[in-house]
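The values are calculated or read from the model by the stated rules, or taken from the named source; none is laboratory data. Source: prediction; values computed, not measured. Because the Cβ atoms are built from the backbone with ideal geometry, glycine has one as well, and the counts that use them run over all protein chains shown.
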Amino acid sequence: MIKLLKRMRKREALMALLCAVLVVAQVYFDLKLPDYMTRLTTLIKTPGSVTADILSVGGQMLLCTLASAVLAVGCGYLAAKTASGFSFSVRADLFHHVMDAGSEEMQSFSVPSLITRTTNDITQIQMIVAMGLQMLMKTPIMAVWAIIKILGKSWTLSAVTGGFVVAIVVMVLLIMSSCLPRFRQVQKKTDQINRVARENLTGINVVHAFGSEDYQNRKFDAPSRDMMNLQLKNQRLFALLQPMLGFSMNGLALAVYWVGAALVESIALTDPAARLTMFTNVLVFSTYATYVVMSFMMLVMIFMLVPQAQVSAERINEVLDTKPHVVPGTKTEGSESGTVEFRDVSFRYPGAAADELEHISFKVDKGQTLAIIGATGSGKTTLASLIPRFYDATQGAVLVDGQDVREYTFDALYNKLGYVTQKAVLFSGTVADNIFFGQSAAEKTDTALQDALSLSQAAEFVDKYPEKAAHPIAQLGRNVSGGQKQRLSIARALARKPEILIFDDSFSALDYKTDAALREGLAKELPGTTKIIVAQRISTIRNADQILVLDRGEIAGLGTHDALMASCPVYREIAMSQLSEEELKKGGVSK
């Protein structure tokens, strides 16, 4: 928790400091009241006291009360501002850190867990900061200050108070030590509930289509019930605290009055001044003792939140302390233009037992088209992901424009690339927002927009919208079809006007006609752009300058279609499974 608080900005730190000053002043005025009570009791019990003096003391008590109230309001305002500002900065740091993390780090934390940490965990931190600045600072100051004030008045009464305080502390520690481990489990159950709910909401159509509502309900109820049981165990223990503390406070008051009465009775009647002094001391002592117990009661309320906040802080720090394995270099330019080269590249996923790719070597020159094909799980997507540095090669080097990709700054590398993912992802906004998504060296003009839509074959449906490119896109592109979503993703890559285009199985959602028109447009309109196409269709890649055949992470063949048909059994098997003998003789599906 302390480690996380070090991230507090200077503005919030100054407000927290001012809040602490107000708390000290508030405690001062609160603890002045018993002193005035002593004077007031003495005046009332002393014969011949003037009414004006009594009213004067009463007025001073009223002013102290008003001053304490004003300071409490100011402290509450500053505490709320500090807590909200601190949670904002932590949430921003956490989100920005996740945005900077690579694929390897994202695998360490599930998406539901990251969502929980960004929302629920930070809310816990905000609550403890807001309450801590008021109660957590106020209660120890008040308890210690009150104890100091009563120590010199009566050692007998001080011993009684000390015994009750020790009993309260032991009771609180026993309960908190039992609850803390379960708070960690509660946060993990929250992650599970988030994950199950997210899966159900994302795949609701599949759930309905397969009639799995009851199964999914039971799947959701399991972690929810576990979390309920954990919370019940904690709350049952906490339910004991309040009545036990109330009993302690009333018992302490009774003990103070009982012992105090005995002390007053032990003073001779011939010494009325001493009896009056002891009587007033007992009244003041009981007030201060009540302050001490009330301080512990407020501390208990804080302690109910502290363990949860501590667990939340650890979960947030766990993400913030994770260092990205993929770090930027310093180079902005290479020695060549539009080239991609793999030099004896091997790659193994973190924690995997074997390499996903082994000894991959090839080079694609400017303007050439490299096609990558292979069975499912052969490593096609993994190979393509090494170029934009979603991962770094375990062995060997990946070069873009003759420069190792690890030596480029991220902006310089990404400005050279246009990447279309295997699964098309769109964001809420308009068509134009999605086409010009992110930072790019290319200009964001209407001409560039229309060229990208036309070349990607997306203009066919975008022009039919009344708003044209201003047509709204729902979250994750739910209001467009799979093929339309894929074409918009391709248009997004084309709008960057990159040196190198990478299509990771991006044509699979397109019909054959659109596929052929798109490939023809790419060859005609972008002859100087290097293209790397991961595909499953022979018709999509047949005319590529080079075709790389992967088999279980190794190169099974590299060459043109005709050369591979003659020399590569793996490629020939794929081709013959898709095309008839007549289509193979005629040159496959025409463009």
Matching option when the condition is at pLDDT 75 or above, surrounded by fewer than 19 Cβ atoms within 10 Å (Cβ to Cβ) and among the polar types (S, T, N, Q), among Ser295, Ser335: Ser335
Hits in region 351-365 - residues which are over 17 Å from Gly396 (Cα atoms) and either under 32 Å from the mean Cα position of the chain (by Cα) or in a strand (DSSP E or B) (or both): Gly351, Ala352, Ala353
Any hit, region 48-58, residues being over 22 Å from Thr280 (Cα atoms) and of a type in the set (S, T, N, Q): no
Subset of region 380-422 [under 31 Å from the mean Cα position of the chain (by Cα), part of a loop (DSSP other than H, G, I, E, B) and farther than 18 Å from Val326 by Cα]: Thr421, Gln422
Count of residues meeting criterion [in contact with a Pro (Cβ under 6 Å, 6 or more places away or on another chain) and modelled with pLDDT of 75 or more] in region 166-190: 1
Search result, residues across region 553-576 that are closer than 28 Å to Ala354 by Cα and in contact with an Asp or Glu (Cβ under 8 Å, 6 or more places away or on another chain): Gly553, Glu554, Val570
Conditions (1) touching a strand residue (DSSP E or B) at 6+ places or on another chain (Cβ under 6 Å); (2) hydrophobic (A, V, I, L, M, F, W, C); (3) farther than 30 Å from Glu467 by Cα: number failed by Leu426: (3)
Any hit, region 443-457, residues being surrounded by 18 or more Cβ atoms within 10 Å (Cβ to Cβ), assigned to a loop (DSSP other than H, G, I, E, B) and touching a helix residue (DSSP H, G or I) at 6+ places or on another chain (Cβ under 7 Å): yes
Members of region 458-478 that are surrounded by fewer than 14 Cβ atoms within 10 Å (Cβ to Cβ) and outside any helix (DSSP H, G or I): Asp463, Lys464, Tyr465, Pro466, Glu467, Pro472, Ala474, Arg478
Count of region 220-274 residues which are in a helix (DSSP H, G or I) and closer than 21 Å to Ala159 by Cα: 22
Any pair with Cβ under 6 angstrom, 6 or more apart, that starts in region 551-570 at a residue that is in the same structural domain as Leu357 (by TED's automatic domain parsing) and within 17 Å of Phe342 (Cα to Cα) and ends at one that is of a type outside the set (Val, Ile, Thr) and part of a helix (DSSP H, G or I): Gly557/Leu564; Gly557/Tyr571
Test result for Thr376, among the β-branched types (Val, Ile, Thr) and either touching a residue at least 60 places away in the same chain (Cβ under 8 Å) or touching a strand residue (DSSP E or B) at 6+ places or on another chain (Cβ under 8 Å) (or both): no
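Residue-by-condition table, conditions (1) under 17 Å from Met297 (Cβ atoms); (2) in a helix (DSSP H, G or I); (3) among the hydroxyl-bearing types (Ser, Thr, Tyr); (4) touching a residue at least 24 places away in the same chain (Cβ under 8 Å):
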position: Val144; (1), (2), (3), (4): yes, yes, no, no
position: Leu157; (1), (2), (3), (4): no, yes, no, yes
position: Ile168; (1), (2), (3), (4): yes, yes, no, yes
position: Ser177; (1), (2), (3), (4): no, yes, yes, no
position: Pro181; (1), (2), (3), (4): no, yes, no, no
position: Gln185; (1), (2), (3), (4): no, yes, no, yes
position: Lys188; (1), (2), (3), (4): no, yes, no, no
position: Gln192; (1), (2), (3), (4): no, yes, no, yes
position: His208; (1), (2), (3), (4): no, yes, no, no
Given (1) in the same structural domain as Met131 (by TED's automatic domain parsing); (2) surrounded by fewer than 16 Cβ atoms within 10 Å (Cβ to Cβ); (3) among the hydrophobic types (A, V, I, L, M, F, W, C), number of the condition Ala352 does not satisfy: (1)
Region 557-581: number of residues that are farther than 19 Å from Thr369 by Cβ and surrounded by 19 or more Cβ atoms within 10 Å (Cβ to Cβ): 1
Residue within region 44-57 that is crowded, with 16+ Cβ neighbours inside 10 Å and either under 25 Å from the mean Cα position of the chain (by Cα) or hydroxyl-bearing (Ser, Thr, Tyr) (or both) present: no
Matching residues in region 327-350 - criterion: being farther than 18 Å from Asp504 by Cβ and under 34 Å from the mean Cα position of the chain (by Cα): Val327, Pro328, Gly329, Thr330, Lys331, Thr332, Ser346, Arg348, Pro350
Filter result (surrounded by fewer than 18 Cβ atoms within 10 Å (Cβ to Cβ) and not polar (S, T, N, Q)) within region 86-97: Phe88, Ala92, Asp93, Phe95, His96, His97
Qualifying residue in region 8-17 (condition: over 30 Å from Ser87 (Cα atoms), surrounded by 15 or more Cβ atoms within 10 Å (Cβ to Cβ) and either modelled with pLDDT under 85 or out of contact with any strand residue (DSSP E or B) (no Cβ under 9 Å at 6 or more places or on another chain) (or both)): no
Region 492-504 residues that are within 19 Å of Glu333 (Cβ to Cβ), paired with ones that are among the hydroxyl-bearing types (Ser, Thr, Tyr) and not in a helix (DSSP H, G or I) (beta carbon under 6 Å, 6 or more apart): Arg496/Ser440; Ile500/Thr530
All positions within region 320-344 that are touching a Ser or Thr at 6+ places or on another chain (Cβ under 9 Å) and aliphatic (A, V, I, L, M): Val326, Val340
Tabulated pairs, region 509-524, first within 14 Å of Ser489 (Cα to Cα) and of a type in the set (A, V, I, L, M, F, W, C), second surrounded by 17 or more Cβ atoms within 10 Å (Cβ to Cβ) and modelled with pLDDT of 85 or more, C-beta under 6 angstrom, 6+ apart or interchain: Ala509/Gly483; Ala509/Gln486; Leu510/Gly483; Leu518/Gln457
Residue that is surrounded by the most Cβ atoms within 10 Å (Cβ to Cβ), among those in region 311-331 that are part of a helix (DSSP H, G or I) and aliphatic (A, V, I, L, M): Ile316
